[in-house]
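Derivation of every value follows stated rules applied to the coordinates shown; laboratory data play no part. Bear in mind the structure is a predicted one, so any value in this text is a computation, not a measurement. Glycine also receives a Cβ, built like all others from the backbone with ideal geometry; neighbour counts cover every protein chain displayed.
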Amino acid sequence: PDGSIAVTATGKYMKLALDKITDFDHEEQEWKVVSKENDPTEIEF
């Protein structure tokens, strides 16, 4: 509430295939991308 910074962080984005980062069947679990017409093409940080 006083306007001071509560937390700072850094991160690293790594694009990997699902089979490299998890051990479940994404087809069986029905994980998929559901695109929408108004999805942004890029995001700027």
Karplus-derived 3J(HN,Hα) from phi for the range 9-21 (6.51 cos²θ - 1.76 cosθ + 1.60, θ = phi - 60°), whole Hz, x at Gly and Pro, runs 7, 10, x, 9, 9, 10, 8, 10, 5, 4, 5, 8, 10
So T10 and T41, fully extended at 0.36 nm per residue minus their Cα-Cα distance, gain in nm 8.8 nm
Summing -39500 (n - 2.57) over every DSSP H run of at least 4 in the chain, dividing by its residue total and rounding to the nearest 500, the 222 nm mean residue ellipticity is -1500 deg cm²/dmol
Cα gyration tensor of the chain diagonalised, 5x eigenvalues square-rooted, in angstrom largest first, produces semi-axes 31, 19, 12
Computed for the chain: size of charge dipole around the Cα centre, +1 on C-beta of each Lys and Arg, -1 on C-beta of each Asp and Glu, debye to nearest 20, value 260 debye
When the charge dipole of the chain is computed with +1 at the Cβ of Lys and Arg and -1 at the Cβ of Asp and Glu, the Cα pointing farthest to the positive end, of H26, I5, I43, is that of I5
